[in-house]
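Here is the structure we will look at.
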Amino acid sequence: MASLARTGDTIQRADGRPRLVVPAAQEGAVRLESAHRSLLVDAEPRVHRYLKAAHRSAVAAFEGAGATDAAADRLATSIYVGTVVATLAAEGEIDAADVQIAVATLAEARGEPREAASFDLYRAACTSTFLLELPPIVACELQLRLLIQLGVATEASLWRGEGGNLEPLVVLGHGAESRRARATARAALRRGGSLTLLGGRALRSALVRRFTEPAAAIVARVNGSHTRLDAYLAAAATALAPVLERELLLERSAERERILVSAGEQRLMRIGFDLHDGAIQDVLALGADITHLRDQIYPFILDTHRERAAGRFDDLLARVVELDRQLRELSRSLESRSIVSRPLGEILHREVDAFRERSGIDATLEIRGDPESLTSAQRVAVYRAIQESLSNVREHSGATTVEIRLRMRRSSIEVRVVDDGQGFEVGRALARAAQRGRLGIVGIGERVRMLGGSFEIDSAPGGPTMLTFALPRTRPDDR
């Protein structure tokens, strides 16, 4: 369903909602305000915030360009419509009809042909910072999909060659991964230039370069003039170069991350084994010694004190049993190999179920999206943070319910833990915990920040308490 679809010039939309009335600009950025008003009036309410955010960015550009002449107004209008398209594409709120509406809006506001508006829109959208915030392959896909939505190509693909192997990074369209498309990409990468091969003039290619060396090849099937598509492919290649550079850096970072995570988790696993073979065995021996002591001294206790003494021994044995249980739980939780190798959703549901059974607190877990695309470090961070949050809820909150929500967005992973407990003063509580060496929550924040994320606790005496954190995505969703 289109997000920017127009419904005619009536005072009411086709879906029954009244049309939004936006006052016209009196002076200044006339073209910008005309484009903003045109999109805002008919757009779905859910995308209004994206339009207004794009408008603020365009106004800043207009003022930066001098805010005095038509050139500044024209530049701001291009930035506005391009940002709108890029933002809606990043949020999954745009289709081909929306893109055509955006082209028509830009052409009308600036009084120029649709072909010129279309090309300017494509260049503005592809260089938008909103796409650069996405996982690189997702950004590449959106940039190539715009070629199809603008009607200049019927299919498009992005190919990367490494060590003689040709790998399709993005494939859009029925024949985008055909033998002809593959051969065109291979020939372009081998010869270091754009060319047409096997597909007549229907298939066109462009090289994406990294430090002047071929890094990838874009292959697209012409829909109309091939010279027009060549210009778009050249713009796409320029825009994709920094995106692919970021993909390479992320791959190298991910490799280092895997090494660090492996070393850290192996150390934790060793601690878990040491607990099992050391402290837990000592606790078992202590329990046996207490039982043996009870049996030895019981005959020498006066009849009037035997019941009281037996109760004290039972209390000691119960504490030893509880200590043994806690140490075993700690030992199991430190074995993180299963966190990396098993489905994260299954592990989290199992953790929440165990928490509910141990604490008697009503706990619910909601997962939106597929968490299996996370890196190893992200999986461990999410699991440890939720585990520590639930431990704090059980020990300190006095809550009766707790809700855990995990949401996978295109550019981030968001986690929220909310309980209905007694709450606390955040700053004072964290300072007290740090002084006593209880660094659980502080550790969550540090683990999240080391992965480039953000962390926040919102609470007050009387509750509720909400812990939220977000991690940037470094891998695309499995499409």
Can you tell me the FRET efficiency between L249 and D282 if r is taken as the Cβ-Cβ distance and R0 is 45 Å, rounded to the nearest 0.05?
0.40
Could you tell me whether segment 380-421 comes out rounded, prolate or oblate from its Cα gyration tensor? Rule is a ≥ b ≥ c as square roots of the eigenvalues, rounded for a/c under 1.5, then prolate if a/b exceeds b/c, otherwise oblate.
oblate
Check I413: other-chain or 5+ apart residues with amide H under 5 Å from its amide H, H built from backbone geometry?
L471, R473
Got a sec to turn the phi values of segment 375-380 into Karplus ³J(HN,Hα) couplings, 6.51 cos²θ - 1.76 cosθ + 1.60 with θ = phi - 60°, whole Hz, x for Gly and Pro?
6, 4, 5, 5, 4, 5
Can you tell me the accessible area per residue over segment 338-414, all protein chains present, probe 1.4 angstrom, in square angstrom?
43 Å²
Quick one: which residues, 5 or more positions from A215 or on another chain, have an amide H under 5 Å from its amide H? H modelled 1.01 Å from N in the peptide plane, none for Pro or chain starts.
V208, R209, R210
Under 17 Å from a label point 7 Å along Cα→Cβ of A460: give me every residue in segment 409-427 with its amide N that close.
419-427
Once the other residues with Cβ under 12 Å from the Cβ of T401 are scored (Lys, Arg +1; Asp, Glu -1), what is the net sum?
-3
Over segment 45-93, with every protein chain in place, what whole percent of the accessible area is carbon and sulfur at 1.4 Å, could you tell me?
53 percent
Using θ = phi - 60° and the Karplus curve 6.51 cos²θ - 1.76 cosθ + 1.60, what whole-Hz ³J(HN,Hα) does each residue of segment 142-155 get, with Gly and Pro shown as x?
5, 5, 6, 5, 4, 4, 6, 5, 7, x, 8, 9, 9, 7
Near E112, within a Cβ-to-Cβ distance under 10 Å, what is the net charge of the other residues, with Lys and Arg +1 and Asp and Glu -1?
0
Can you give the accessible area per residue of segment 86-217, in Å², using a 1.4 Å probe?
42 Å²
Among 415-423, 109-117, the order from most to least packed when residues are scored by Cβ within 10 Å on average
415-423, 109-117
Sequence-distant or interchain residues sharing an amide H contact under 5 Å with V170, placed H: which?
L158
In segment 117-241, what percent of the accessible surface is made up of carbon and sulfur (1.4 Å probe, ligands and nucleic acids excluded)?
50 percent
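The values are calculated or read from the model by the stated rules, or taken from the named source; none is laboratory data. These numbers were taken from a predicted model, which means no experiment stands behind them. All Cβ positions, even for glycine, are placed from backbone atoms using ideal geometry, and neighbour counts span all protein chains on display. Only protein heavy atoms, including side chains, enter the accessible area calculation; ligands, DNA and RNA are left aside. Shrake-Rupley method; radii C 1.70, N 1.55, O 1.52, S 1.80 Å.
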